[in-house]
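The values are calculated or read from the model by the stated rules, or taken from the named source; none is laboratory data. Just so it is clear, the model here is predicted, and its values are computed rather than measured. Cβ sites come from the backbone with ideal geometry, for glycine too, and all protein chains shown count toward neighbours. Please note that ligands, DNA and RNA were not included when accessible areas were found on the heavy atoms of the full protein model with its side chains. Shrake-Rupley method; radii C 1.70, N 1.55, O 1.52, S 1.80 Å.
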Amino acid sequence: MMNNLDRVKIGTVHQIEISSRCQLACKYCPHPHLKRAKADMSMEVFEAALAWAQTFESPELSLTGMGESTLHPEFCTMLRMAREAFPDTKLLLSSNGVAVTDEMLDTMRETNTILWLSAHRPEIAGKTLQRSIARRVMTGINNNIIDSGFDWAGQVEWANMAPPHVCQYLTRGWATILQNGDVVSCCMDAGGLYPFGNIMDEVKPTHIGVMPLCKSCHLSVPENLQ
């Protein structure tokens, strides 16, 4: 059991996982082995997630999780809802680029969303990058699996090449909302094994904290939580 000394007050909602589905099965990702449901976030949970996130400071919000967000049938609607709820927040999205349509790119430009394309499928991501630039979407390429990859706290067989540093999720109180509304400390809890509550509960979680995966993570726990 964790005690209060293992926890930090939630400072912001850093991620909302609008889908836990993905059309790829990359060796360096824990998604193919997920035991929890691979499904889309319901609109009810998403609306509750946005409302709950508004109760915290939100300098940055990513509609990303273990799944591919662009597979959600209401992706464009959700992007507009997020921007309406957070007019001054940096809105981010990480995608493999496979399912990104021109309509989605136009919505990203409309909502001033920053798109990070991963190099999972470079033959497709490259074309998506060209289309995103043509549509004036702020876009970056994520190659960290090559030069700064990690083994997801021992959950996959992959080299830890990321430079060691203190976990920003625990330092800053970054909470992640999973597809079913569960709140976890960070994306390392791919399976959602250690939730600190659910946003649909009457009493919402107020803290996140150290979990068993922290012991095998390449990131270090802040000294005040050790």
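A few notes on this one:
- Anisotropy class of the chain from Cα gyration tensor, a/c 1.5 cut: oblate
- Flagged links, alpha-carbon separation over 26 Å, of LYS27/LYS90; LYS9/LYS38; LYS35/LYS215; LYS9/LYS90; LYS27/LYS204; LYS90/LYS215: LYS27/LYS90; LYS9/LYS38; LYS27/LYS204; LYS90/LYS215
- Each Lys or Arg adds one and each Asp or Glu takes one away; over the other residues whose Cβ falls under 13 Å from the Cβ of PHE86, this sums to -1.
- Here the 3J(HN,Hα) profile of segment 195-207, calculated from phi with Karplus coefficients 6.51, -1.76 and 1.60 at θ = phi - 60°, is x, 9, x, 9, 5, 8, 5, 5, 9, 7, x, 10, 9 Hz, Gly and Pro shown as x.
- Gyration tensor verdict on segment 1-50 (Cα atoms; rounded if a/c is under 1.5, prolate if a/b is larger than b/c, oblate otherwise): oblate
- Antiparallel %, DSSP beta bridges [both residues in the chain], to 5: 30
- With q set to 0.20 Å⁻¹, the log10 of I(q)/I(0) for segment 127-226, from the Debye formula over equal scatterers at the Cα positions, is -1.02.
- Coil-residue trypsin sites (Lys or Arg not before Pro) of segment 24-99, DSSP, other Cβ within 10 Å capped at 13: LYS27, LYS35
- The heavy atoms of GLU57 offer some 150 square angstrom of accessible surface to a 1.4 angstrom probe.
- Qualifying trypsin sites (Lys or Arg not before Pro) in segment 119-226, where qualification requires a DSSP coil assignment and no more than 16 other C-beta atoms within 10 Å, comprise ARG135, ARG136.
- Protein heavy-atom accessible surface, 1.4 Å probe, per residue over segment 130-206: 52 Å².
- Alpha-carbon spread of segment 1-104, three principal axes, descending order, Å: 41, 36, 23
- Segment 97-141 shape via C-alpha gyration tensor axes, a/c threshold 1.5: prolate
- Portion, in percent, of the accessible area of segment 30-146 that falls on carbon or sulfur, probe 1.4 Å: 53
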